[in-house]
Amino acid sequence: MIYQIIPLEMGSLVERNIFQQKNKEIKCGTVWKLGSIITEVKPTFINTYDPNVGISIKDIPGGVIRKTYGGEKIIYFSETVHKTEQDELTDIFYQTNSKYSKNYADVFHDLGWMQFSREEYIFGEIEIKEIRKQPSYHK
């Protein structure tokens, strides 16, 4: 049996990366307007699930994000990142600067930023459905 975990609120499925360099931090990633998680393991977390906190996808056995729509990239900086550096890092993240051809994570690393974490979360009210066959993958 396949289980589909669906957030009932738009923007409740996120991917977040944290990069650090000395006393500076970047939080960036994607917020999907719609999406779902698929697992072949019957979800047991629902009894302790807090919609205000959510759950990391890695804490859902067999959980994989599927069928995402309307992804919006977002980036935030700690107050210790200077405005000029924020502007350059923002251009790299949104790929608006043709100076860099690699993906943003590789460029951040080349500039001395270390990736501290990468996690995917679901939060808010959710619905769990049992489905007979695995839906197609769209991303």
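The values are calculated or read from the model by the stated rules, or taken from the named source; none is laboratory data. It should be emphasised that the depicted structure is a prediction, and the values quoted were computed from it without experimental measurement. Here the Cβ positions follow ideal geometry from the backbone for every residue, glycine too, while neighbour counts run over all protein chains shown. Protein only, heavy atoms only, side chains kept; ligands, DNA and RNA dropped before computing areas. Shrake-Rupley method; radii C 1.70, N 1.55, O 1.52, S 1.80 Å.
Under 17 Å from a label point 7 Å along Cα→Cβ of E130: give me every residue in the stretch 47-68 with its amide N that close. Within reach of a label on E130: 47.
The chymotrypsin sites (Phe, Trp or Tyr not before Pro) of the stretch 19-102 that meet both conditions, a loop assignment by DSSP and at most 13 other Cβ atoms within 10 Å of the site Cβ, are Y94.
P(r) for the stretch 94-134, from all Cα pairs and a bin width of 5 Å, is 5, 14, 16, 13, 11, 8, 9, 13, 8, 2 %, short bins first.
For the stretch 57-139, applying the loop criterion from DSSP together with a ceiling of 11 other beta carbons within 10 Å to the GluC sites (Glu not before Pro) yields E79, E125. For the cross-link pairs K27/K83; K42/K73; K58/K102, the ones whose C-alpha atoms lie over 25 Å apart are K42/K73; K58/K102. First compute the accessible area of the chain with a 1.4 Å probe, then give the percent of it belonging to carbon and sulfur atoms. Summing carbon and sulfur atoms, their accessible area is 49 percent of the total for the chain. Taking every Cα-Cα distance in the stretch 1-76 and sorting them into 5 Å bins starting at zero, the pair-distance distribution P(r) comes out as 3, 14, 22, 22, 18, 11, 6, 3, 1, 0 percent. Taking the inverse of the mean 1/r over every pair of distinct Cα atoms in the stretch 65-139 gives a Kirkwood hydrodynamic radius of 15.7 Å.
Which shape class applies to the chain: rounded if a/c is under 1.5, otherwise prolate when a/b exceeds b/c and oblate if not, where a ≥ b ≥ c are the square roots of the Cα gyration tensor eigenvalues? Taking the square roots of the gyration eigenvalues as a ≥ b ≥ c, the chain is prolate. With a cut-off of 19 Å on the backbone N, the residues of the stretch 33-50 near the modelled label site 7 Å out from E72 along Cα-Cβ are 33-36.
When only the Cβ of Lys, Arg, Asp and Glu is charged (+1, +1, -1, -1), the dipole of the chain relative to its Cα centre reaches about 460 debye.
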